[in-house]
């Protein structure tokens, strides 16, 4: 009977500790964190094949007057500036994998020669500038160890853990003393 109460108290304490830990610690991680490469079809132009692109911010607004760099094989191949509608173009390209850099944002594209692109290929490269957008999640650090360290560095959390570690054994001890039969003497 004493073992059942101790087990029950342990399970309750474990549940309380579970409620105190931040939920992102228990969330499943992203399965594939490799960067995605979008397929884009090059257009046939008078000066060779053309890669057309559009630069937007996170709210979907066109970004005019930004410097756009085309990177290939680890080096800068060309540079352009977005027009009033946020559009840019790079001419005289072959099919292959390219990166388009706008500020700190870098996006990879697989460019296809005209007429050879798969059906899912887009007619233009879409580049979204700014920081990564995360909706509905609010935690101080990106990694689970950082989040745990953040929560365990707060004095209130430490005080709660210590209070629980002291109060549970005292409550179990007092409960056991109250239920023992008293001698008549």
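Points to keep in mind about this one:
- Estimated at 0.36 nm per residue, the fully extended path between residue 20 and residue 126 surpasses their Cα-Cα distance by 33.9 nm.
- Pairwise label distance in nanometres, residue 167 with residue 12, each label 7 Å out on the Cα-Cβ vector: 1.1
- Annotation: average projected area of the range 53-107 is 3.8 square nanometres, based on the convex hull of Cα atoms across all directions.
- With a simple spin-label model that places each label point 7 Å from the Cα along the Cα-to-Cβ direction, the separation between residue 71 and residue 50 comes to 2.6 nm.
- Order by protection proxy (mean Cβ within 10 Å, highest first), peptides 98-109, 160-171: 98-109, 160-171
- In nm, spacing of pseudo-spin labels at residue 4 and residue 92 (7 Å Cα→C-beta vector): 8.7
Here, each number is a calculation from the coordinates, and none is a lab measurement. Note that the structure is predicted; figures quoted are calculated from it, not measured. Every residue, glycine as well, gets a Cβ built from its backbone with ideal geometry; the counts of neighbours run over all protein chains shown.
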